[in-house]
Structures are given as structure tokens and as C-alpha cells.
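Visitor: A single structure is presented below for examination.
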Amino acid sequence: MSGAEGCARRVLTDAPTDLIVDRLAAELTRTYGITRTELYQVDYRLAELLPLGDGATVSHPGHPAWRAFDHQEPVIADEVGWFPVGMRGERRGVLQVSPVPADPDARRELATIATVLGHELSAVTATTDIYGTSRRSRRLTLAAEMQWELLPGRSRIRPSFSLAGQLEPAYAVRGDSFDWSDDGHRLWLAVSNGFGEGVAAALLASLATYALRNARRAGLSLADQAALADQAIYAQHRGKQHVSVLLTELDLATGALTVVDAGSPRLLRLRAGAVSEEVLDKQFPLGMFEGTDYREQTFQLERGDRLFVVSDGVIDATTEQTRYGEAALDRFLRRTGPMEPLDAVRSLIGDLRAFVAGDLVDDAVVVCLDWLGPQP
């Protein structure tokens, strides 16, 4: 680590929460001669890169900022450098600097500094609204605010897997949600398709998510996690409201996938360019009846398998005359093979928006998971 990079790291960790980017900009001017520094964050729809300061919104997909974001590599264009800002696979946005130094070592240091910035932004997000507010191009509904705060993140990368998810309509989502956690040996994923409208649907999704987290953190099996959450929702609503959930647990060493289908969204597998739907043992949604017993199924994944979990809002998206449907979904999923999971999710949501010529009316959730195989 050079002295300049070390100084920038210290500035990032020592700066007041509201002045992180300002203090970084001053340090980059001092050490690298950079006269303009701007943070661009991706919005909730994954459709725009929004400046924290007075820069212009970037929405054109061919822009260097989007290339840096999409490929997660620095892009230099017209003496302007664009460096990915993220944290453990969670893509936050890009850092713009100009004029960018010609020295390759300095550019590598700037790339590292942008990554450190991503970690610092993640660390302070819960303590300030500054960075969260500047990520939205319009106001979130109250239900959407609750749903986005509930999520563990939008993407995650580890040596043995890569994972991403998206909610739509991003600024007005109600009851659909997802949750995940990993401990280096196993990955747990829950995708829910909520019941109801507005804040009531968001509250129901929150109850289901926290009940499942509580059971998971207690070390319960997947079937018992479903049973505990089922009891919690039934105790609160007495069967009048319920949640459809797909629960999965992936053994990262063997690729064994354990599944509980509680009236869940669909589970699709992309293997060697072919899409197939896993046949699940369909069981009652959580909270529908008192004391439901849930059963587990096990599937064996192969290295390089890609899984998609999609809610009914994806397949049932409609124009005035046409439903998106299973055939269109299969065709599109086959085309996502070369894409990273977040790009695949964003592309599918974009295809749905183009199909309906705007935002979706009904909630939709898409999660994409790649199992990359056991790692040392």
C-alpha cells in the first residue's frame, strides 16, 4: 500500500458521516491532483446512476459510468475515471474522478479506494439518510420503504456462489421480498410472495422474515423454520392473511439443495443452456392453518448451475391483450447464461418493463443464484 492510498483510507474511516465524499475529494486533490470527485449511486430500479452532488444523472446504458458498474472494472474515458463502488458483491455505484492520473499504480490505488468507500458507505447507511435519500429518483411509498429496509442487500458474491435479487415496482413494491444468509458452509435463501396490499402487505412480509430469521438463527432445520414462522403468522392473523414462501438451504461443499415449498414462487434451473422447472412438493402457505407440518425435499446441483426464483408477478405481467407467460420467461432466462446474477436479474426486470411499457402493476420478485462449486 502506498502512502497516498493509506492516507485516503484513513480519511475515509475518520471522516464525519456526512462528509465522507467531501473529505475524500480533498484528499484525492492533495495526493493525486484530482480536481473533481463525485459519487454516483445506482437507484432502486437499477435504471439510473444518481449523483450525490451536482452532477447529471446517468441513464444511458452505453455511458462509461454504466460500463464500470456493469463490468465491475475501472473505465477511463476522456481523462475521466469511473471506478466501481461496492462491498462484497453489493454494487453501490461508481466513483468519478478527473483528471485521472496516467500512472497505472495510481489508477490501481484509486480502484482500491473506491472499494474502501463502498465499505464505509455500507457501515454508515444505518446512521444517516444522506446516502439512502440520494439513491432515489422519486419518493418511495411507505410500504416500499419498509420492504427495502428489510432486505439483506441486493447482491452477494463468495467463492462458491453468486447471488442477486430485485423487487418490482421498485418504488411501490408491497408484499414480495427475499432474504439470505451464509456462514461459509451453507447458504440460506427465502423468497416470499406476499398477501394483501400496501402497508398491511409490508407488515406481513416483515413478520414472516423476522420469524424465519429467528428460527434460522436458533439452528432449526428448514422444515422447522417454516413451522415456526407459520405459527407466528397464524397467531397474529388467525388464517386471514398468509405468505407464500420458498425456503432453500444450499450446502456449499456438495451442492445439495434442501427446499421447503410453502405455496411458493417458482424455482427454475438453467443448466447447459436449458431451462427446467423443479417439481416441488407444494405445501400450504405460512399462516394459512394452525399447526401445519412441513416437509423437506433435496435436489443435487451441478457446478455452474443457475437457479431463478420468480414470483407470479413475473409470469402474470400483462399488457391489455397479452400475458408475459412461461414461454417468454424460458426464452429470456436462456439468454442470461453469460451474465452475472445481478445483470441477469436487472435484464429480466427490464424486459418485463419493456413488455408492459412501464412499471409493473403487480409485485414481482426475481432472485438469481449461481452455485460455482466447492472451493478450498
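Visitor: Working only with C-alpha atoms, what are the Rg and Dmax values of the chain, expressed in angstrom?
Guide: Spelled out, the Cα radius of gyration and Dmax of the chain are 21.5, 67 Å.
Visitor: How big is the gap, in Å, between the Cα center of region 268-293 and the Cα center of region 336-362?
Guide: 22
Visitor: Then there is this: Sum up the charges of everything whose Cβ sits under 13 Å from the Cβ of Gly304, counting Lys and Arg as +1 and Asp and Glu as -1, but leave Gly304 out.
Guide: Result for the neighbourhood of Gly304: +1.
Visitor: Would you mind putting 361-369, 139-147, 328-336 in packing order, based on average other-beta-carbon counts within 10 Å, highest first?
Guide: Sorting 361-369, 139-147, 328-336 by mean packing, highest first, produces 361-369, 139-147, 328-336.
Visitor: At a 10 angstrom cut-off on C-beta neighbours, averaged per residue, how do the peptides 115-121, 156-162, 29-35 rank from highest to lowest?
Guide: Answer by packing, highest mean first, reads 115-121, 156-162, 29-35.
Visitor: By per-residue mean of other Cβ atoms within 10 Å, what is the highest-first order of 96-104, 187-195, 72-80? Before the final figure, lay out the partial values.
Guide: On the way: 96-104: 16.6, 187-195: 24.9, 72-80: 14.7.
Descending mean neighbour count gives 187-195, 96-104, 72-80.
Visitor: Compute the angle between helix 104-124 and the longest alpha-carbon principal axis of the chain, please, reported from 0 to 90 degrees and rounded to the nearest 10.
Guide: 50
Visitor: Given 4 °C and 1.567 mPa s, how large is the Stokes-Einstein diffusion coefficient of region 169-238 in µm²/s, with Rh as the Kirkwood radius over Cα pairs?
Guide: Numbers: Rh = 12.8 Å.
So the translational diffusion coefficient is about 102 µm²/s.
Visitor: Next up: Just the Cα atoms of region 3-133: what Rg and Dmax do they give in Å?
Guide: My reading of the Cα-based Rg and Dmax gives 13.4, 38 Å.
Visitor: Mind computing the radius of gyration and Dmax over the alpha-carbon atoms of region 113-184? Å is fine for both.
Guide: 13.7, 37
Visitor: Enter the Cα centre distance for the pair region 146-190 and region 70-96, rounded to the nearest angstrom.
Guide: Value for the Cα centre distance between the two parts: 22 Å.
Only the coordinates and a few stated rules stand behind these numbers; no lab work does. Worth saying up front: this structure is predicted, and the values here are computed from it rather than measured. Backbone-built Cβ (ideal geometry, glycine too); neighbour counts: all protein chains shown.
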